[in-house]
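Take a look at the structure below.
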Amino acid sequence: MAERLRHLVLVLGDQLDLDAAAFDGFDPAQDRVWMAEVAEESTHVWSSQPRTALFLAAMRHFAQALQAAGRPLDYHRLDDPATRPSLATQLRADLAALRAAGSGPQALVLTRPGDWRVLQALRAAAADAGLPLQLREDRHFFTTPQDFDAHARGRGAAGLRLEFFYRAQRQRFGVLMDDRGDDRRDDAGDRAADDVAGGGQAARAPLGGRWNFDAENRAAFGPDGPGFDLPQPPRFAPDATTRAVLALVRARFGQHPGRLDHFAWPLTRAQALQALDAFVRERLPLFGPYQDAIWPGEPWLYHAQLSAALNLKLLRPQEVVAAAEAAVRGGRVPLASGEGFIRQVLGWREYVRGLYWTRMPGYATLNALDARQPLPAWYWTGETDAACLRDALGQTLAHGYAHHIQRLMVTGLYALLLGVAPAQVHAWYLAVYVDAVEWVELPNTLGMGQYADGGLMASKPYIASGQYIHRQSPLCRGCRYRPDERSGPRACPFTTLYWDFLLRHAARFARHPRLAPQLRHLDRLDAAERTRIRARADAWRAAD
Ligand code: FAD
Ligand code: SF4
């Protein structure tokens, strides 16, 4: 009779770190690792080809790292006909087989997954097998869901805004603070781990005397755009392992959205560290001023392009923040840029995760604006004559990437103004981006993008007319529509739908302190213009 395993360590596609919490105390003599490529993760939403390829290729590279580290591994490949369709069915089958062979594990070990659905499925599989599931907290965040819960307790929606959380994070972890001593250690990971455990020293004043440099961070490019010397992020040419995955994805998911011809994402820890280093040296200095700008044909601009590596756990946010802070303190990066970037990682990224784990499963069903329109079919193809949408969608499908303002103020804004059902918008964002994992995608989409949580995450809906896109990009110049026209044949759909949104929701927001001023502009519209706007908005809805 084979000897019983002690732990079967379950590793999911977004948990690719040899030092993950699930490996604490790992003993190759008693424990095994379990990984599975399953179809359900590419089909529960219509996962784009770049997104599926990224996860599978990174998993296969991680399997090689596990083997090199001498950790026994059970790995199920998608192209093995014996592989089951879902994580839970594969795990159930494997546990039954191990039990039958007399080597069933005494316990399952798992780092907290990124998706509530997956956690429930694996818990159910463990319970069915009569096995304890040890859930370990994920150290790839500064904070735990419990920390967020403690922060949120007793606060109303206004007190739960990012700004309060972010300042508390800066204080707690001593990031970009003025009054720290010289006893800082170099190892950011150790420092952050100590701080999470409560060992951090409280600091008081923000570096530079301000918490926020947003006012400096809103530039648009001049008429010539970012210029020829715009640094391009490193590209990682697919190796044999990745090429095999690309062929598999083409064969198996060729009907799914997106293309693979530009696929060059970092897939290993070494590549992710190289990408981080290049970003901090070459693009972070100008990240701040241009973080809201859009330029056609330039998907990356000064953005980090690090979200996928962070979310796969190839990088730790502690080391990313430490690298940015070191560049600021070393005088290589202006404080406004460094702070703008750190706010995203130490602030927003942690905040949305806390919101997700403390509000699920109910959060996914919210629809505060009662939006019911179907998502336009062309979101999946990019075939639209609105230049800004065509650009953002085209680049999304080509790379699995769009930067934040394109997601929020182009594709997200259009869905919000049109009144698309939030669940459909969510399914799209979760499907198309390589960095999409539900803990981060869902709050960003439902809360920030669609105001479906009724103001928990965003103090007001992010609404704007086409004039906003006109200010941030040159796209309107090449578009058949006019951003300053709200009715008539050349009216920009964003502008028409913006006014239509105000008309539709005037009663709801009449007392809203920040939207009421926008609503007052409705007084300028006579009855005939209101009718024209509504008719054109209805035509857009019917056409979509
Ligand atoms: P940069 O703009 O250079 O920012 C640096 C880093 O900060 C990012 O890598 C990311 O880790 C973090 N970050 C920035 N903004 C946010 C944010 N709002 N929430 C959480 N982290 C943030 N991000 C994802 O990682 N996965 C998603 O599925 C996702 N879906 C989104 C959906 C919508 C509707 C919106 C508005 C935003 C979404 N974001 C998502 C947040 C953000 O757009 C991406 O993190 C960012 O565009 C990734 O590109 P980058 O690495 O070049 O980021
Ligand atoms: Fe987009 Fe409207 Fe500008 Fe055209 S005119 S690019 S649709 S904002």
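Computed from the coordinates by the stated procedures, all read-outs in this text should not be read as laboratory data. Keep in mind that what you see is a predicted model, and the values were worked out from it rather than measured. Here the Cβ is made from the backbone with ideal geometry for all residues, glycine too, and neighbour counts use every protein chain on show.
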Trypsin sites (Lys or Arg not before Pro) in the range 460-539 lying in a DSSP loop, each with at most 14 other Cβ atoms within 10 Å of its Cβ, come to Arg480, Arg490, Arg511, Arg514
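Can you give the charge dipole size of the range 7-136 about its Cα centre, rounded to the nearest 20 debye, using +1 on the beta carbon of Lys and Arg and -1 on the beta carbon of Asp and Glu?
Dipole of the range 7-136, to the nearest 20 debye: 180 debye.
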Can you compute the helix-only [θ] at 222 nm over the chain? Use -39500 (n - 2.57) per DSSP H run of at least 4 residues, normalise by all residues, nearest 500 deg cm²/dmol.
-12000 deg cm²/dmol
Lys, Arg +1 and Asp, Glu -1 on Cβ, resulting dipole of the range 377-543 about Cα centre, debye, nearest 20
680 debye
Scaled to the compact-protein estimate 2.2 N^0.38 Å, what is the alpha-carbon radius of gyration of the chain, rounded to two decimal places?
1.00
With the cut-off at 1.5 for a/c, could you classify the range 425-543 from its C-alpha gyration tensor as rounded, prolate or oblate?
oblate
Taking Cα atoms, the helix 387-399 axis meets the longest principal axis of the chain at an angle in degrees (rounded to 10) of 10 degrees
Set the Förster radius R0 to 45 Å, insert the Cβ-Cβ distance between Ala168 and Arg490 as r into 1/(1 + (r/R0)^6), and round the FRET efficiency to 0.05.
0.40
The range 94-169 versus the range 246-284: alpha-carbon centroid distance in Å
27 Å
The chain - charge dipole about Cα centre, Lys and Arg +1 at Cβ, Asp and Glu -1, debye rounded to 20
1400 debye
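Grab the other residues whose beta carbon is less than 11 angstrom from that of Val245, score K and R as +1, D and E as -1, and report the net.
Net of charged neighbours comes to +2.
Within the set of other residues whose C-beta is less than 13 Å from the C-beta of Leu12, count the net charge using Lys and Arg as +1 and Asp and Glu as -1.
Net charge around Leu12: -4.
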For the chain, build the charge dipole from Cβ charges (+1 Lys, Arg; -1 Asp, Glu) around the Cα centre, then report which of Gly297, Ala88, Thr384 sits farthest towards its positive end.
Thr384
So who's got an amide H within less than 5 Å of the one on Met177, skipping anything under 5 residues away but keeping other chains? H placed 1.01 Å off N, in plane.
Leu207
Roughly how tilted is helix 116-128, in degrees to the nearest 10 and between 0 and 90, from the longest Cα axis of the chain?
30 degrees
All other residues with a Cβ under 12 Å from the Cβ of His256 taken together, and with Lys, Arg as +1 and Asp, Glu as -1, what is their net charge?
+4
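What percent do you get for the relative contact order of the chain when only Cα pairs under 8 Å and 6+ apart count?
16 percent
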If you line up the long axis of helix 493-504 against the longest principal axis of the chain, both from Cα atoms, how many degrees apart are they, to the nearest 10?
90 degrees
